[in-house]
Amino acid sequence: MDTAGVALYQSLHDEHDYVVDEYEGDLPDDLRGTLYRNGPGKVTGSQETPGHLLDGDGMVSMFSIADGRLSFRNRYVRTRHYRQSLVAKGSLGRGFSAMQAGGILANVLRPPANVANTGVVMHAGNLLALWEGGRPTKIDPDTLATIGKYDFDGDLSWFGTFSAHPKKDPQTGEMLSFGMEIFPTPAMVCHGIDGRGKLRRLGRLGMHRPRFNHDFAITPGFLVFAIPPLVMPTHKLVSAGLGLTSYIDAIEYDSTAETLIVLVPRYGGKTRVYLTDPMLHMHISNAHEDGSDVVVDLVTYQLSWQQLNEQFSLCGTRLFDPTVPFGGSVRRLRIGKSGRVAHDQLGDALGEFPTCNPQWVGQQNRFTYLAAATAGSPYPNLVVKIDSVAATEVSHLLPPGHLAHEAIFAPRPGGTEEDDGWLLVVTQDLDTDVGNLIVLDAKNLAAEPIYVGRLRHHMPLTFHGCFTPRVARACDRPEPR
Ligand SMILES: [Fe+2]
């Protein structure tokens, strides 16, 4: 389709509760559970100061599946920023990109607002909306009502920065995470949260020069970081802190610096740091140990940092720049004990939001799933399954005009094969302006969808989500059609 003039992003202001009654196909009987998604449901901007997706108010969506029926609910996270947005006119305050109205005095020493818009995870019975610059926000897993900021009974200290990409170890039940700290000195602080929700601090990695890092991976023995050379020069950080420039403008890609490979032991021992070629990446798909090697898969960009950043800046209603290809390619890094890092590319697809079967996290997985784009498409219109053993890839081309969000793997209960399960893909149909939940057979990805449920409204881009076999309570009084 011609994307010129098409609204690839638009805010969804309303909150809904209903049973999805317009659909094709049937939900499998053994697909039971809840898909949660989080993303910037509402972005405030103007022609003069375009909004930025990273500053949008977090909206959690819930797709509850049981007995062949799909129920939908969405609620905004009641952050301070969201509450102000209900009455404010114009600028709402500082974000990563947004500046508060009122000049330097209004922005000086003001941190970006916690908009709880990036990820959502269920762990130890807690549903947490995540934003990497601050504390998680606890959400009721049935009603999606906001309970409040969550600090793990006071164990998440200082600014409480907590990654939007925690990793749950299916072998131990532990969830691992990290937080980026800038003050008083730059560091990454690593955490483990056990199956009862108790947080322990695993270590603090000091960095002489602050860098921006978004994701990581785990193996049975390590937290695995590939920290890109997205540096924050001191003069730019000072300028941002003083309110002269935005925080996102304080980040620059230093192609003369290496990517830092950091292996943080989970159970004591010395942190290992290696250097490899500079790479621009945001997301890591998985990692595993192979003898004494550590292997990690990530999505690397050929774009510049500026191009990548601009893709998330909403100039009018544009989301992805039609002149810039969407996504990057999956690269495998093999990190030897000697410090040698070998690079290999997995597949040819250009995509983002890599996922795998959550039961294989930290183990050698064969299949990686991507939201990807056909050649010439500025937005993801494919779901791709990369087979790292057979060195092949299979695609599912979505109907024309459908923009794919991240594909989440829901394992089939009792299944033992890695691809025995379903991919749950939220899409936005740009032609009809309606959101969908599409269920694909992960084992037979190219086949027709098993189920397509049409929402009653559009669906703004969601960043990340999770699936849990717990079935969220559907609405007692669904809204009439
Ligand atoms: Fe992310």
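The values are calculated or read from the model by the stated rules, or taken from the named source; none is laboratory data. Here the structure is a predicted model, which is why all the values come from computation and not from measurement. Note that each Cβ is placed from the backbone with ideal geometry, even for glycine, and that neighbours are counted across all protein chains shown. Remember, those area values only see protein heavy atoms, side chains included, never the ligands or the DNA or RNA. Shrake-Rupley method; radii C 1.70, N 1.55, O 1.52, S 1.80 Å.
Scan the strands (runs of 3 or more DSSP E) fully inside segment 12-73 and keep the ones with 2 or more residues being within 24 Å of Pro141 (Cα to Cα), open to solvent by less than 50 Å² (accessible area, probe 1.4 Å) and in contact with a Lys or Arg (Cβ under 7 Å, 6 or more places away or on another chain).
Those strands (runs of 3 or more DSSP E) span 17-19, 33-42, 57-66.
Out of segment 207-265, which residues are part of a loop (DSSP other than H, G, I, E, B), open to solvent by less than 20 Å² (accessible area, probe 1.4 Å) and of a type in the set (S, T, N, Q)?
Answer for segment 207-265, where residues must be part of a loop (DSSP other than H, G, I, E, B), open to solvent by less than 20 Å² (accessible area, probe 1.4 Å) and of a type in the set (S, T, N, Q): Asn213, Thr219, Ser246.
Cβ-Cβ below 7 Å, separation at least six or inter-chain, first residue in segment 153-166 and within 16 Å of the ligand (Cβ to nearest atom), second at pLDDT 90 or above and β-branched (Val, Ile, Thr): which pairs?
Sorted first by the residue in segment 153-166, then by its partner, the pairs are Ala164/Thr118; Pro166/Val121.
Just give me the residues in segment 270-290 being more than 12 Å from Pro220 (Cα to Cα) and open to solvent by 20 Å² or more (accessible area, probe 1.4 Å), in sequence order.
Within segment 270-290, Lys270, Thr271, Arg272, Val273, Tyr274, Leu275, Asp277, Pro278, Met282 meet the criteria.
Scan segment 248-268 and report the pairs whose first residue is over 30 Å from Lys168 (Cβ atoms) and whose second residue is open to solvent by 20 Å² or more (accessible area, probe 1.4 Å) and aromatic (Phe, Trp, Tyr), with Cβ atoms within less than 8 Å and a gap of 6+ or a chain change.
Glu252/Trp305; Tyr253/Trp305
Please work out which one of (1) of a type in the set (Gly, Ala, Ser); (2) within 16 Å of the ligand (Cβ to nearest atom); (3) closer than 30 Å to Val471 by Cβ is the condition Gly148 fails and give its number.
Condition (2) is where Gly148 drops out.
So which strands (runs of 3 or more DSSP E) are wholly in segment 300-395 and hold at least 3 residues that are open to solvent by 30 Å² or more (accessible area, probe 1.4 Å)?
Filter on segment 300-395 gives 328-335, 341-355.
Can you tell which of Leu430, Leu437, Leu455, Leu423 is touching a helix residue (DSSP H, G or I) at 6+ places or on another chain (Cβ under 8 Å), of a type in the set (A, V, I, L, M) and surrounded by 19 or more Cβ atoms within 10 Å (Cβ to Cβ)?
On inspection, the qualifying residue turns out to be Leu423.
Looking at the structure I just gave you, is Gly133 at pLDDT below 95, within 16 Å of the ligand (Cβ to nearest atom) and open to solvent by less than 60 Å² (accessible area, probe 1.4 Å)?
Spelling it out, Gly133 is indeed at pLDDT below 95, within 16 Å of the ligand (Cβ to nearest atom) and open to solvent by less than 60 Å² (accessible area, probe 1.4 Å).
With respect to Arg196, determine if the residue is open to solvent by 50 Å² or more (accessible area, probe 1.4 Å), under 25 Å from Asp151 (Cβ atoms) and outside any strand (DSSP E or B).
Yes; evaluated as a whole, the condition is true for this residue.
Inspect segment 100-113 for any residue being open to solvent by 40 Å² or more (accessible area, probe 1.4 Å), at pLDDT 95 or above and among the small types (Gly, Ala, Ser) and give the result as yes or no.
no
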